[in-house]
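Note sheet for the following structure.
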Amino acid sequence: MRSYLNTSSYTFLLGEHHQSKVIWIAFPKDAKLIAELRQAYPAVKWSASAKKWYLPDVQSIRAELKLDLPNPYGKAVIAQISPINLPAFNRFVDELKLKAYSPNTQRTYTTEFAQLLYILKNNAVEKLTPEKLRSYLLYCIQQDKISEQQLNSRINAIKFYFEKVLKQEKFFFDIPRPKKPSTLPKVIGTKDIVKLFDQVENPKHLLMLKLCYGMGLRVSEIVQLKVTDIDSTRMQVLLQAAKGKKDRYVPLPQDALEDLRAYYKAYRPKHFLFEGQYGGQYSARSAQAVFKQAMIKAKINKPVGIHSLRHSYATHLLEYGTDITHIQKLLGHKDLKTTQLYAKVSQATVAKVKSPLDRLKE
């Protein structure tokens, strides 16, 4: 059974070992402390050359040890920004942090805002006019050929700077928005869902995919799920600070209950329901890889990611006759229009329409 480390007896230092980034661990020579360290982190190693214990420098371990996480935008980004615009960039980053934007949003916004600062070079961003901004956005479309989605992200980032940092509310009044392409949710049929699950031998991976489908979870929600969020007595699961930083409850599938109990007995997760190789939160990228590998083994040739399990959950609920407003609450959608997209891919809806070709011989 894995336990958490009492960090007060240890000192941590970031460094390198054999050209790999590591976290050095210093503490008084004590057999009890060594045993506690190895129990908390089975992956910990001893360096004979450095005469120190060390762990791999990965985000999950840094988060557990409460060490500073790696910069979301990196030194390479800062190096390309003119000193004239560095104060603006730092204010931009600080404002994102103060407003508690998600790490993904912070990463996207800083990257997109930095793209503008690269182009401006030694020209101060606060002196940018709406006319010059329009020219820049045209450049992004015509020269960089960025997608509508990325252009929207870039506009959002720049809009955040002028409206939230500089408080220029009317700066974007005449800046048009690109029309978003109308795409439908990608859904996997129930037979293929069964085939998918049949190909997963690892009980941890299987449970992860079953809960994604059985509760309609985003990948960010499944990896953030905590042991204490599961209420098997009431057969419900609490999703804390999901998208939009809103909590919601979803029903715990009866079919997953025995798998969940067996998984807990075998793995004994301490905090997060699904923990990574080195402890801490399981990464979203690893969850995506689990799904893709299962799709390959099941020979399901669809260009979809793990999020399609959430789409499939909603679509299948609709086909089974669940009220769409109830599905909206289960998915955590703010706007019913978002949920109504599933009606366009539901077989129950499409099957009601009979082609005129089929009526010619009636």
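Each value in this text was obtained by applying a stated rule to the coordinates, not by laboratory testing. None of these values were measured; they are calculated from a predicted model. Ideal geometry is used to build each Cβ from the backbone, glycine not excepted, and the neighbour counts take in all protein chains shown.
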note = When the charge dipole of the stretch 90-167 is computed with +1 on Lys and Arg Cβ and -1 on Asp and Glu Cβ about the Cα centre, the Cα farthest towards its positive end, among N104, N123, I155, belongs to N123
note = Contact order relative to length for the chain, counting C-alpha pairs under 8 Å separated by 6 or more residues, stands in percent at 15
note = Under a Gaussian network model of the chain whose springs join Cα atoms within less than 10 Å, the largest fluctuation of S182, S283, S308 belongs to S182
request  = When a/c is below 1.5 the answer is rounded, else prolate if a/b is larger than b/c, else oblate, so apply that to the stretch 215-285 with a ≥ b ≥ c taken from the square roots of the Cα gyration tensor eigenvalues.
outcome  = oblate
inquiry  = Return the Rg/Rh ratio of the stretch 74-165 with Cα-based radii and a Kirkwood Rh.
reply    = 0.93
query = Does the stretch 38-196 come out rounded, prolate or oblate, given a ≥ b ≥ c as the square roots of the eigenvalues of its C-alpha gyration tensor, rounded meaning a/c under 1.5 and, failing that, prolate meaning a/b above b/c?
reply = oblate
query = Under unit Cβ charges (Lys, Arg +1; Asp, Glu -1), what dipole magnitude, rounded to 20 debye, does the stretch 190-350 have relative to its Cα centre?
reply = 440
ask   = Roughly how big is the chain's charge dipole about its Cα centre, with Cβ charges of +1 (Lys, Arg) and -1 (Asp, Glu), in debye to the nearest 20?
value = 280
Exceeding the 18 Å Cα-Cα cut-off - candidates K127/K170; K45/K270; K195/K292; K243/K292; K66/K246; K179/K245 = K45/K270; K243/K292; K66/K246; K179/K245
note = Computed over the stretch 7-64, the relative contact order (Cα-Cα under 8 Å, seq sep at least six) in percent reads 31
message = Neighbour counts of other C-beta atoms within 10 Å: give me S60, S312 arranged from fewest to most.
response = S60, S312
task = Read through the labelled values (1) 24.3; (2) 21.4; (3) 23.5 and report the label of the one computed as Kirkwood radius over Cα pairs in Å from the structure.
result = (1)
query = With the contact rule set at Cα under 8 Å and sequence spacing of 6 or more, what percent relative contact order holds for the stretch 1-149?
reply = 16
query = Between A50, V237, Y313, whose Cα lies farthest towards the positive end of the dipole of the chain when Lys and Arg beta carbons carry +1 and Asp and Glu beta carbons carry -1, centred on the Cα centre?
reply = Y313
